[in-house]
1. Which of the lysines could a cross-linker span from K15 if the Cα-Cα distance has to be under 20 Å and same-chain partners fewer than 8 positions apart are dropped?
2. Taking R0 as 22 Å, what's the FRET efficiency between Y25 and I112 from their Cβ-Cβ distance, rounded to 0.05?
Amino acid sequence: TDFYPANGENFYRIKSISKDGVVKYTSVVKVNFVSASSSIVLSPNPVTDILQIQGLSPSMKTISVFDVKGKLLRQITTSNHSYSFNTKQLSAGIYFVRIDEGNHATTTTKFIKE
């Protein structure tokens, strides 16, 4: 992966090289990582089957899962303190979880699917 810090934001894209030496890049994805003071935990990370999201606030929130190209794969709305996401259908790679609490905050963090 390539990492592009700019203006306090984080940007990622995936670089792949074919057997023929052809280099391709995915679209750039902006990521605002969970701060050290946040209580949100994704585990296990890397994940093989079930990803646990813990430490969520009791307010209504939307949890979205995106691939590295920014394609929305799953979205739910919940007020639970935790959420379990089945990752068996995902290919190995990097994914992002965005937690949007409306006026409160939006947090995005990455996880790796093995």
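Nothing in this text is a laboratory measurement; each read-out follows from the coordinates by a stated rule. Because the structure is a prediction, the values reported are computed rather than measured. Every residue, glycine among them, receives a Cβ derived from its backbone with ideal geometry; neighbour counts consider all protein chains shown.
1. Hits, sequence-local ones excluded: K24, K30, K69, K71, K110, K113.
2. 0.75
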